[in-house]
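Chemist: Have a look at the structure that comes next, please.
The values are calculated or read from the model by the stated rules, or taken from the named source; none is laboratory data. In this text the structure is predicted, and so the values were computed from the model without any measurement. Heads up, the Cβs are rebuilt from the backbone with ideal geometry, glycines too, and the neighbour counts pull from every protein chain shown.
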Amino acid sequence: MRKPEFTTIFFALMGFFILIFIILPVLSLLFSETPGVLIETAENPVVFDAIFLSCYTAFLATLIALIFGIPLAYILARKNFPGKNVIKAVIDVPIVIPHTVAGIALLTVFGSNGVVGGNVGIRFVDSIFGIIVAMLFVSAPFLINSAREGFESVNPKLENVSRSLGASQIKTFFKISFPLASKNILTGSIMTWARAISEFGAVIIIAYYPMIAPTLIWDRLSYGINYSRPVAVLLILICLGVFIILRIVSGRNHDKT
Amino acid sequence: MIKLEDVSKNWKNFSVKNINLEIKNGEYFVILGPTGAGKTLLLETIAGFHYPDTGRILIDDKDVSFLPPEKRKVGFVYQEFMLFPHKTVFENIAFGLKIRGEKNIKNQVEGMADLVDVKNILHRYQKTLSGGEKQRVAVARALIIKPKLLLMDEPLSALDALTQKKLRDELKRIHSETGATTIHVTHDQEEALVLGDRIGIMDKGKIVQTGTPEEIFRKPETEFVANFVGAENIFTGAAEIKKDITEIKIKNVVLYSTHKKSGKVNISMRPEDIIISKEKMESSARNVLYGKVVEIEDKGAIIQLKVECGLPFVVVITRQSFLDLNINIGASVYLYFKAGNVHLF
C-alpha cells in the first residue's frame, strides 16, 4: 500500500482551519436572520437607498479606475523607463496605509478648503462625489495591478503581427491586447468593485452622508446589533451574489484560448 | 525592390551592424546564421517594429526607415506562429483585410486558405491546431494583404522534422505561385539551400557573404562561412528514378542514390562516408569515381583531401590511413561510396 503523505495531510489540516475561520462568520451571519426579517428590512427605503448607493458609487469608482487605470497599466506592462518601479510602488500605497488616514489625506485635497475641493466647484464633503473619491483611492490599485499583469501576459509579438497587418497602435490595443487581457481586467474590476463597496473608514471621514450601506450598519449598531445585522446580511448577500456571477462569467469568457 | 543602406541597430543584447542588402522583386532571400547573430532584430527592423539607429530602409525606392509598421505593407511570420488566440482561423486570416475595410473578405480568405491548404479548419481556434497548421495559417494571414515583402523568422524551426520537410516544400510552392518577395531567416543550411534564390550569411550582426546557394556553399569567402555551411560535398544535379535506384547527373558525373527523388535535386555526402583507394578494388559500393588529389589539409587527427573527379569531392581519412596510403598531391585515386550515403534534398 502507498504510504500516506503526512506532510500533505498536515498542510491540508492547517489549511482547513483557516478556511473554516473565513467561512464560519460569513455563514453564521447569513443564517442569523429569517427571510421574513430580511424582506422587511429590504423594503425599508432607508436601507434600500443605502445599499443601492453603495452598489452605484462602487460601480462608478470602478468605471473611473478602468478609464484611467488601464492606460497606465498598459504603459507599465509594455514600456521601460526610469522611475517605473517608483510608479509601481506609488500605486500600492493606498493598500498599505490605514483607511482612516487615507480619509484624512483625501479631506486635505477634496475638503472645502482643499486644492481640488475648494476650486473645482464640486462639493465632495458629505456628497456622493466624496464617497466615490474615497472608494476610488482605496480600490484603484487592484484594477491597475491586475490589468498590468494581464497586459504583461500578452506576447508583444502578437501586437507586432497585428501592426504589420495594417492595424495602428490604438486599433491593435482594442483588437488584440485588450481582448486578450480582458480576463485579468474583469477579475481586477470585480476586486475593485468589491473593495470599493466594502470601504468604510475613508468614506465616513469625507462623507458620512449620504449613507452607504457600511455607514448605515455602523449607524444602526448604536441602537443594537439586532437593528444593524439584517442590513449586514443583505449587503453580504448582494456582494456574494455579484462576486459569484462575475467569477462564473470571467471563467467562461476565455475557454477558447 | 528592397534596399538596406548601412542599417545599424542596437537593442538589448542584440545588434545589427552596417547592413547593405538589395533584394529584387519576387526573390526568395534567405538569411542564414547561428543563434544570436542578430537575424531576428534585422527582420524586425525591416518590418518597422524597431527603427534603425543609422542607415536607411527603402521599399520600392521609398524611404520607410521611420514609417510605422502598419504603413509598410510588410507581412511577418514568427517562429512561434503568433496566431491571435481569441480569433478563429478564418478571423485570423481575415484580420488584415478587415482592418483595411475591404470587401469580399470571405472569398479572399477562402482563396488564401485554399492556397495554403487550411480550408477545412477555418472555424477552429488555434489551441486545437497542430504546429504545421498554425504556421500555414500564419503564412496565409501575412500573404492576404499582398505584402510588398514577406518576412519569416525561423518559420519552420518550431516544427517536428517531418512537418518541417513538408512545409518547406509547401513554402517553395506557395512562393512560386504568389511570387511574393520574401526574406526568410533560418539557422538551417538545408532549408537555406532548398528555398533560397540567394543566401546571405550573418554573423555577429553583420552580413558576411551573399550569393546564390552554389556560390555560398562552393566558395565560402571567410572561414566562418566555410565552417558554418560545412565543408560537405554538396552538388546540384538532375535526378531520374530508375527502378530501385535514382540516377543523378551532375555535369559529366553520374551518381546513384537509394533516396527516391527526381528532377532538380541537391546532393550531399558526408566526407567520412567516402572510401579512398589507390588501386581499383572489389566493393559493394555503387558509386565509383576516379580522380586526382588536388589538395591535402592536415587537421591533426584527420587529414582532409580534395579529389577532383569532374566534381571536387572532399574526403577525410585518419592520419594512420593517410600514412598507409602514401598519397601526394597529383596522385590518382578511386573513390567509393554507397548509394545509401548519397543524400538527396
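Chemist: Restricting attention to helices (runs of 4 or more DSSP H) lying wholly within the range A:172-257, give those where 2 or more residues are under 25 Å from A:LEU72 (Cβ atoms), of a type in the set (D, E, K, R) and at pLDDT below 95.
Modeler: Numbers: elements: A:178-198, A:201-206, A:213-221, A:225-253.
Passing ranges, in order: A:178-198.
Chemist: I'm trying to understand the selection: among the residues of the range A:156-178, which are closer than 23 Å to B:LEU151 by Cα, out of contact with any helix residue (DSSP H, G or I) (no Cβ under 6 Å at 6 or more places or on another chain) and free of Cβ contacts under 8 Å to residues at least 12 places away in the same chain?
Modeler: A:LYS157, A:ASN160, A:VAL161, A:GLN169, A:LYS171, listed by residue number.
Chemist: Starting from the range B:112-125, take each residue that is within 14 Å of chain A (Cβ to nearest Cβ) and list its partners that are among the aromatic types (Phe, Trp, Tyr), counting only C-beta distances under 8 angstrom and pairs at least six apart or across chains.
Modeler: B:HIS123/B:PHE90
Chemist: Here is a list: B:LYS292, B:LYS299, B:LYS261, B:LYS278. Which entry is surrounded by 16 or more Cβ atoms within 10 Å (Cβ to Cβ), in the same structural domain as B:LYS338 (by TED's automatic domain parsing) and touching a residue at least 12 places away in the same chain (Cβ under 8 Å)?
Modeler: On the way: B:LYS292 fails: surrounded by 16 or more Cβ atoms within 10 Å (Cβ to Cβ); B:LYS299 fails: surrounded by 16 or more Cβ atoms within 10 Å (Cβ to Cβ); B:LYS278 fails: surrounded by 16 or more Cβ atoms within 10 Å (Cβ to Cβ).
Answer to the check: B:LYS261.
Chemist: Separate question: Tell me which of these B:VAL109 doesn't satisfy, since it passes every other one: (1) over 21 Å from B:GLY26 (Cα atoms); (2) within 12 Å of chain A (Cβ to nearest Cβ); (3) surrounded by 21 or more Cβ atoms within 10 Å (Cβ to Cβ).
Modeler: With (1) over 21 Å from B:GLY26 (Cα atoms); (2) within 12 Å of chain A (Cβ to nearest Cβ); (3) surrounded by 21 or more Cβ atoms within 10 Å (Cβ to Cβ) applied to B:VAL109, the lone miss is (2).
Chemist: Report, by residue number, each residue of the range A:2-36 that is closer than 30 Å to A:ARG229 by Cβ and more than 30 Å from the chain's Cα centre (by Cα).
Modeler: At the first step, the residues of the range A:2-36 found to be closer than 30 Å to A:ARG229 by Cβ are A:15-36.
Of everything in the range A:2-36, just one residue is closer than 30 Å to A:ARG229 by Cβ and more than 30 Å from the chain's Cα centre (by Cα), namely A:GLY36.
Chemist: Taking A:GLY201 as the residue in question, decide whether it is within 18 Å of the chain's Cα centre (by Cα), surrounded by fewer than 18 Cβ atoms within 10 Å (Cβ to Cβ), within 20 Å of A:LEU60 (Cα to Cα) and touching a residue at least 60 places away in the same chain (Cβ under 8 Å).
Modeler: Working: within 18 Å of the chain's Cα centre (by Cα): yes; surrounded by fewer than 18 Cβ atoms within 10 Å (Cβ to Cβ): yes; within 20 Å of A:LEU60 (Cα to Cα): yes; touching a residue at least 60 places away in the same chain (Cβ under 8 Å): yes.
In short, yes.
Chemist: Inspect all residues belonging to the range A:179-188 and state whether any of them is in contact (Cβ under 8 Å) with a residue 24 or more places away in the chain and within 28 Å of A:ASN113 (Cα to Cα). So that I can check it myself, show each step before the final result.
Modeler: Residues of the range A:179-188 in contact (Cβ under 8 Å) with a residue 24 or more places away in the chain: A:180-188.
Imposing the further condition that a residue be within 28 Å of A:ASN113 (Cα to Cα) reduces the set to none.
There is no residue in the range A:179-188 that is in contact (Cβ under 8 Å) with a residue 24 or more places away in the chain and within 28 Å of A:ASN113 (Cα to Cα).
Chemist: On to the next question. Being at pLDDT 95 or above, in contact with a helix residue (DSSP H, G or I) (Cβ under 7 Å, 6 or more places away or on another chain) and more than 14 Å from every other protein chain (Cβ to nearest Cβ) is the filter here, so list the residues in the range B:27-56 that pass it.
Modeler: Across the range B:27-56, the qualifying residues are B:TYR28, B:VAL30, B:ILE31, B:PRO52.
Chemist: Counting only residues that are farther than 25 Å from B:LEU97 by Cα, give me the strands (runs of 3 or more DSSP E) lying completely in the range B:137-207 with at least 3 of them.
Modeler: Because the criterion is at least 3 residues that are farther than 25 Å from B:LEU97 by Cα, the strands (runs of 3 or more DSSP E) in the range B:137-207 that meet it are B:198-203.
Chemist: Separate question: Quickly run through the range A:152-175 and pick out the residues that are at the interface with another protein chain (Cβ under 9 Å from one of its Cβ atoms), β-branched (Val, Ile, Thr) and under 19 Å from A:ILE70 (Cα atoms).
Modeler: The answer is A:THR172, and nothing else.
Chemist: Which condition from (1) away from every other protein chain (no Cβ under 14 Å); (2) under 21 Å from the mean Cα position of the chain (by Cα); (3) not aliphatic (A, V, I, L, M) is the one that B:LYS103 breaks?
Modeler: The failed condition is (2).
Chemist: Mind checking which pairs have a first residue in the range A:141-155 that is closer than 18 Å to A:PHE174 by Cβ and a second that is among the acidic types (Asp, Glu) and surrounded by fewer than 20 Cβ atoms within 10 Å (Cβ to Cβ), Cβ under 8 Å, 6 or more apart or different chains?
Modeler: A:ASN155/B:GLU80
Chemist: Do we find a residue being away from chain B (no Cβ under 14 Å), over 21 Å from A:PHE68 (Cβ atoms), crowded, with 20+ Cβ neighbours inside 10 Å and not small (Gly, Ala, Ser) anywhere in the range A:92-107?
Modeler: The answer is yes, given that some residue of the range A:92-107 is away from chain B (no Cβ under 14 Å), over 21 Å from A:PHE68 (Cβ atoms), crowded, with 20+ Cβ neighbours inside 10 Å and not small (Gly, Ala, Ser).
Chemist: So, one more: Does the range B:63-79 hold any residues that are facing chain A (nearest Cβ under 9 Å) and either in contact with a strand residue (DSSP E or B) (Cβ under 9 Å, 6 or more places away or on another chain) or surrounded by 22 or more Cβ atoms within 10 Å (Cβ to Cβ) (or both), and which are they? Lay out the reasoning, then the answer.
Modeler: First pass over the range B:63-79, keeping only residues facing chain A (nearest Cβ under 9 Å): B:68-78.
Within the range B:63-79, B:PRO69, B:ARG72, B:LYS73, B:VAL74, B:GLY75, B:PHE76, B:VAL77, B:TYR78 meet the criteria.
Chemist: Counting only residues that are farther than 27 Å from A:GLY201 by Cα, give me the helices (runs of 4 or more DSSP H) lying completely in the range A:1-113 with at least 3 of them. Talk me through it step by step, then tell me what you get.
Modeler: On the way: elements: A:6-30, A:35-42, A:45-78, A:84-96, A:99-110.
Here the list reads A:6-30, A:35-42, A:45-78.
Chemist: I've got another one for you. Test A:ARG148 against the criterion of being among the basic types (Lys, Arg), under 30 Å from B:LEU43 (Cβ atoms) and within 14 Å of chain B (Cβ to nearest Cβ), and give yes or no.
Modeler: Against the criterion (among the basic types (Lys, Arg), under 30 Å from B:LEU43 (Cβ atoms) and within 14 Å of chain B (Cβ to nearest Cβ)), A:ARG148 does not qualify.
Chemist: Of the conditions (1) more than 27 Å from A:PRO179 (Cα to Cα); (2) in contact (Cβ under 8 Å) with a residue 24 or more places away in the chain; (3) within 13 Å of chain A (Cβ to nearest Cβ); (4) not aromatic (Phe, Trp, Tyr), B:ILE93 clears all except one; give me its number.
Modeler: Only one criterion in (1) more than 27 Å from A:PRO179 (Cα to Cα); (2) in contact (Cβ under 8 Å) with a residue 24 or more places away in the chain; (3) within 13 Å of chain A (Cβ to nearest Cβ); (4) not aromatic (Phe, Trp, Tyr) is unmet by B:ILE93, namely (1).
Chemist: Within the range A:31-47, which residues are among the hydrophobic types (A, V, I, L, M, F, W, C) and either surrounded by 14 or more Cβ atoms within 10 Å (Cβ to Cβ) or at positive phi (or both)? Reasoning before the result, please.
Modeler: Filtering the range A:31-47 down to residues among the hydrophobic types (A, V, I, L, M, F, W, C) leaves A:31, A:37-39, A:42, A:46-47.
Those that are among the hydrophobic types (A, V, I, L, M, F, W, C) and either surrounded by 14 or more Cβ atoms within 10 Å (Cβ to Cβ) or at positive phi (or both): A:VAL37, A:LEU38, A:ALA42, A:VAL47.
Chemist: Here's something else I'd like to know. Regarding the range B:204-213, can at least one residue be identified that is more than 24 Å from B:ILE105 (Cβ to Cβ), hydrophobic (A, V, I, L, M, F, W, C) and without any contact (Cβ under 8 Å) to a residue 60 or more places away in the chain? Explain how you work it out, then say what you get.
Modeler: Residues of the range B:204-213 that are more than 24 Å from B:ILE105 (Cβ to Cβ), as a first pass: B:204-213.
Imposing the further condition that a residue be hydrophobic (A, V, I, L, M, F, W, C) reduces the set to B:207-208.
After this cut, where a residue has to be without any contact (Cβ under 8 Å) to a residue 60 or more places away in the chain as well, the list is B:208.
The answer is yes; a qualifying residue exists.
Chemist: Looking only at the range B:232-242, decide whether some residue is over 30 Å from the mean Cα position of the chain (by Cα) and either without any contact (Cβ under 8 Å) to a residue 40 or more places away in the chain or not assigned by TED's automatic domain parsing to the domain that holds B:ARG168 (or both). Can you show your working first?
Modeler: Quick first cut of the range B:232-242, residues over 30 Å from the mean Cα position of the chain (by Cα) only: none.
No; the residues of the range B:232-242 include none that is over 30 Å from the mean Cα position of the chain (by Cα) and either without any contact (Cβ under 8 Å) to a residue 40 or more places away in the chain or not assigned by TED's automatic domain parsing to the domain that holds B:ARG168 (or both).
Chemist: Let me ask something additional. Check off (1) in contact with a helix residue (DSSP H, G or I) (Cβ under 9 Å, 6 or more places away or on another chain); (2) within 14 Å of chain A (Cβ to nearest Cβ) for B:LYS148 and give me the number that stays unchecked.
Modeler: So the condition that B:LYS148 fails would be (1).
Chemist: Which numbered condition in (1) assigned to a helix (DSSP H, G or I); (2) over 30 Å from A:SER153 (Cβ atoms) is the only one that A:GLY117 fails?
Modeler: Of everything listed in (1) assigned to a helix (DSSP H, G or I); (2) over 30 Å from A:SER153 (Cβ atoms), A:GLY117 misses just condition (1).
Chemist: Do the conditions hold for B:ARG173, that is, is it basic (Lys, Arg) and under 26 Å from A:ASN160 (Cα atoms)? Quick ask: steps written out before the conclusion?
Modeler: On the way: basic (Lys, Arg): yes; under 26 Å from A:ASN160 (Cα atoms): no.
In short, no.
Chemist: Let me ask another. Mind checking which residues of the range B:326-342 are closer than 17 Å to B:VAL288 by Cα and either hydrophobic (A, V, I, L, M, F, W, C) or touching a Cys at 6+ places or on another chain (Cβ under 7 Å) (or both)? Give the steps one after another, and end with the answer.
Modeler: First pass over the range B:326-342, keeping only residues closer than 17 Å to B:VAL288 by Cα: B:331-342.
Passing the criteria: B:ALA331, B:VAL333, B:LEU335, B:PHE337, B:ALA339, B:VAL342.
Chemist: If you don't mind, there's one more thing I want to ask. Which one of these is part of a loop (DSSP other than H, G, I, E, B) and surrounded by 12 or more Cβ atoms within 10 Å (Cβ to Cβ): B:SER283, B:SER268?
Modeler: Numbers: B:SER268 fails: part of a loop (DSSP other than H, G, I, E, B).
Criteria check complete, one pass: B:SER283.
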